[in-house]
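Engineer: Pasting a structure here, questions to come.
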Amino acid sequence: MVDYSDKLACFQAVTGLDDTDLCTEILAAHGWDLELAISAFTGGGASNSSDSITNPNLSSSSPDNNNVVQRDTLISDIWQGIPETEAVAQPLTGGVGGGSPGVAWKIITLPISIISGSLGLISGAIGIGFWVAGGVISHSLNMLGWRNNGEASSSTPLVSVSPAATEALDFIANFERDFGNIRPNFVAEGFMDALQRSRHEYKLLFVYLHSPDHPDTPLFCERSLCSDMLSAFINENFVSWGGSIRASEGFKMSNSLKASRFPFCAVVMAATNQRIALLQQVEGPRTPEEMLTILQRVIEESAPVLVTARIDAEERRNNIRLREEQDAAYRAALEADQARERQRQEEQERLENEAAEAQRKLKEEEEARERAAQEAAEKEAALARRRQEKAMSLGTEPEKGPTVTQVLVRFPTGERQERRFHSSATIQTLYDYVDSLGYLNAEKYSLVSNFPRVVYGPDKIALSLKEVRLHPQASLFVEVES
């Protein structure tokens, strides 16, 4: 019994297709022969889709005006339909034979895995099992930073580099070692990254597939591709990508572009729906002059589209910048309005707080005045009661006699008061008399006599007038304590 699920899983792993129904149809069409299905898929599976795209057959000498319009329209539609982040895949057209090469305009859909996968599609030659094992080992060695030729390099850092970028670096190093520094500036990245770079720089992508075993390769590289004139022209007008057909991505690109003769060169550009547009391919050796003529013609025919794309992109950038400036101006105006509103609210709150504080202080002062008036009234009432009580405690003034003492009291205000007391009355009685008069606002004072000066303070308060020698008459003055 055939294990269809294993074959389906293996076919998906090798081809990189995620659509289970499509893979099932392809395997069923080949009688579930896994190797036959893979060979058909990698060898010519994309050719049918290419037939559905318009392919103006251009004369090698002078294309007519209608064909030129069709080419310009096709390139314009291709370039304008590319989103900024779209990853594109792959192409095809007929090769350029002898004579003056013509421009082939053809778009072919291929899965991204044909371009970006890290495993080489060589199962038809060496068997699926051995191929998978070899691919896994090669990928692991590349991730560890080992070179493809098996030589360990202690200077290679163990960094995360994609297999496609590793192959590109190896190709550039080997090409420079064999043919010198005068060469196209091949980018050290995978094909898809190079294609995106060319789109962002508004240039076409020059592709060179290197076949080390082909007898025409060394001479073409030395005399044509690495000539001062051609390499300078390519470096100025193109983004260049090169790959060896011995490496995984170079081999896949040779299958995708259906390279039948080497050396092989092509000019491509990004298109829509994971496609690339093959604008020109050159198979077999060419002189520098022939290559220059072909590439100049491709540049001339593509220039209007590239210029338009660059102008459109610049306009988009200007619009974005204008929107950003407008947004920034709006945000600044909004922030200024918000700041003014905050300032107005803060000023209003400050005024309200000041008014409330003034009202609070006014109320406190009024309450303090009321309390002071009340306290003063209470104090005055207490003093009046005290004076009355002390006046009542004095009794009636005695008549003159040998036991009666005449006392004169002088106040700080200059007023004088005189009264008779029994000689047995105490000094406290004199203080009660002074308090009852109400001439003093001070609570602390002393009665003092002159000649000799005597202060009748708390130590003498209980002594009688006779005991302190104020009998039969005395003159005292009130001394207020500070």
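Engineer: Any idea how far apart residue 331 and residue 373 come out in nm if each label point goes 7 Å out from Cα toward Cβ?
Structural biologist: The modelled label-to-label distance comes out at 6.3 nm.
Engineer: Counting other Cβ atoms within 10 Å, keep those with at most 12, restrict to DSSP loop, and tell me which GluC sites (Glu not before Pro) in the stretch 363-413 are left.
Structural biologist: Passing both the DSSP loop test and the Cβ count: 399.
Engineer: Report the full-extension gain for the segment residue 35 to residue 415: residue separation times 0.36 nm, less the Cα-Cα distance, to one decimal in nm.
Structural biologist: 122.7 nm
Engineer: Something else now. Rounded, prolate or oblate: which one fits the stretch 218-295, using the alpha carbon gyration tensor with axes a ≥ b ≥ c (rounded when a/c is under 1.5, else prolate when a/b beats b/c, else oblate)?
Structural biologist: Oblate shape, in that a/c is at least 1.5 and b/c is the bigger or equal ratio.
Engineer: Continuing with this model, one more query. State the extension gain, in nm to one decimal, for the chain segment bounded by residue 315 and residue 260, taking 0.36 nm per residue of separation less the distance between their alpha-carbons.
Structural biologist: 15.6 nm
Engineer: Next up: What nm distance separates the two modelled labels at residue 387 and residue 344, each placed 7 Å from Cα along Cα→Cβ?
Structural biologist: Distance between the two pseudo-spin positions: 6.5 nm.
Engineer: So which lysines can residue 444 reach, going by Cα to Cα under 21 Å and dropping same-chain residues fewer than 8 places off?
Structural biologist: Excluding near neighbours in sequence, the set is 379, 390, 460.
Engineer: Okay, next question. Among the DSSP beta bridges whose two residues both lie in the stretch 184-289, what percent are antiparallel, rounded to the nearest 5?
Structural biologist: Beta bridges within the stretch 184-289, antiparallel portion: roughly 60 percent.
Engineer: Something else: How far is it, in nm, from the label point at residue 307 to the one at residue 6 when both lie 7 Å from their Cα along the line to the Cβ?
Structural biologist: With each label point 7 Å from Cα toward Cβ, the separation is 6.2 nm.
Engineer: Considering only the other residues whose Cβ falls under 14 Å of the Cβ of residue 399, what net charge follows from Lys and Arg at +1 and Asp and Glu at -1?
Structural biologist: +2
Engineer: Okay, moving on. For residue 188, what charge total do you get from the other residues with a beta carbon under 12 Å from its beta carbon, if Lys and Arg give +1 and Asp and Glu give -1?
Structural biologist: Its environment carries a net charge of -4.
Engineer: Consider a paramagnetic label point 7 Å from the Cα of residue 394 along Cα→Cβ; state which residues of the stretch 441-469 have an amide N under 19 Å from it.
Structural biologist: Backbone N within reach: 441-449, 456, 461-466.
FYI, it's all coordinate maths here, none of it is from the lab. All values derive from a computational prediction rather than experimental measurement. Because the Cβ atoms are built from the backbone with ideal geometry, glycine has one as well, and the counts that use them run over all protein chains shown.
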